[in-house]
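What follows is one structure encoded as structure tokens, with my remarks underneath.
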Amino acid sequence: MSRWEHARSPRLALDRPVPADAPDLFAIHHDPSSWAHFPQGRHLSPARTEQMVADAQVQWDADGLGYWTARLDGDVVGWTGCGVPLEASWWNLAYRFATRTHGTGLGAEAGAVAIEAAHDVAPDRPVLAYLLEHNVGSRVTAERLGLRLVWRGPDTGNDDPDAVRLVYLDREPEDVLVAALADWGMDQAGLVG
């Protein structure tokens, strides 16, 4: 197993986040246009971003992998990587980048490194991308990464009652994962065959 605190993609430096990253990450997570597909996720205070960075430290310490701060030419441009959600049995693949970089392929570039890292650190733990159906860019990124749609259904807890949640996975879902997803509000009837 490799150490993944500092990784590289062709254009990005991917580093375990530190508290000093929080102001730049807040700018990205506070930007309404970066949350156009899920407005309720927007960070309204720097404290929320500071907590996100602190939580990432806990994930890194517990799992040997977590989310990275992504830098392009030294500038913070995103938050990406694989982390294990609280009480979950899978890696959650995340990619949120500054809107000025959207459409440049940075999400797929960083996602490929994140999946490689997850497979290195805990190959038996599936990699899951959890996204909204109307976020076409995120769907395209998941598909470019070779993830397969395994679930489609209502997005429980979303402010938009018509929102549809999609789950992409790097492998066929096993019964244990299906049960865990059901506990997260995604019943088996929504699994895509």
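Restricting to DSSP H runs of at least four residues, report the calculated mean residue ellipticity at 222 nm for the chain, -39500 (n - 2.57) per run over all residues, nearest 500 deg cm²/dmol.
-10000 deg cm²/dmol
Once the Cβ-Cβ distance between D55 and D75 is put in as r, and R0 is 25 Å, what FRET efficiency do you end up with, to the nearest 0.05? Please report the intermediate quantities before stating the final value.
Working: r = 23 Å, r/R0 = 0.93.
Here the calculated transfer efficiency is 0.60.
Would you mind computing Rg(Cα) / (2.2 N^0.38 Å) for the chain, counting N as its residues? List each step's numbers first, then the result.
Working: Rg = 15.8 Å, N = 193, 2.2 N^0.38 = 16.3 Å.
Compared with the compact-globule rule of thumb, the chain sits at 0.97.
If you average 1/r across every pair of different Cα atoms in the range 59-171 and take the reciprocal, what Kirkwood value do you get, in Å?
Final number for the Kirkwood radius of the range 59-171 is 14.5 Å.
Please report, to one decimal in angstroms, the Kirkwood hydrodynamic radius of the range 92-131 built from all distinct Cα-Cα pairs.
11.0 Å
Check which residues have an amide H placed less than 5 Å from V77's amide H, if you skip close sequence neighbours.
Amide H to amide H, under 5 Å and 5 or more residues apart or across chains, V77 pairs with A70, R71, L72.
Of the residues V127, V167, V58, which exhibits the maximal mean-square fluctuation in a Gaussian network model of the chain defined by a 10 Å Cα contact cut-off?
Of V127, V167, V58, the most mobile in the Gaussian network model is V58.
Springs between alpha-carbon pairs under 10 angstrom, Gaussian network model over the chain: which of A13, A129, A47 fluctuates most?
A47
Tally the DSSP beta bridges in the range 6-190 and give the antiparallel ones as a percent, rounded to 5.
Restricted to the range 6-190, the bridges split so that about 95 percent are antiparallel.
How far is it, in nm, from the label point at R3 to the one at R152 when both lie 7 Å from their Cα along the line to the Cβ?
4.5 nm
Any chance you could check the Cα centroid distance between the range 90-118 and the range 1-28 for me, in angstrom?
12 Å
Report the GluC sites (Glu not before Pro) located in the range 50-123 that are in a DSSP loop and have at most 15 other Cβ atoms inside 10 Å of their Cβ, or state none.
Passing sites in the range 50-123 are E87.
Based solely on C-alpha atoms, express the radius of gyration and the Dmax of the range 1-87 in angstrom.
Radius of gyration, then largest Cα-Cα span, for the range 1-87: 12.9, 38 Å.
Where a number appears in this text, it was derived from the coordinates with a stated rule and is not lab data. Nothing here was measured: the structure is a model prediction, and the numbers come from that model. Virtual Cβ from ideal backbone geometry, glycine too; neighbours counted across all protein chains shown.
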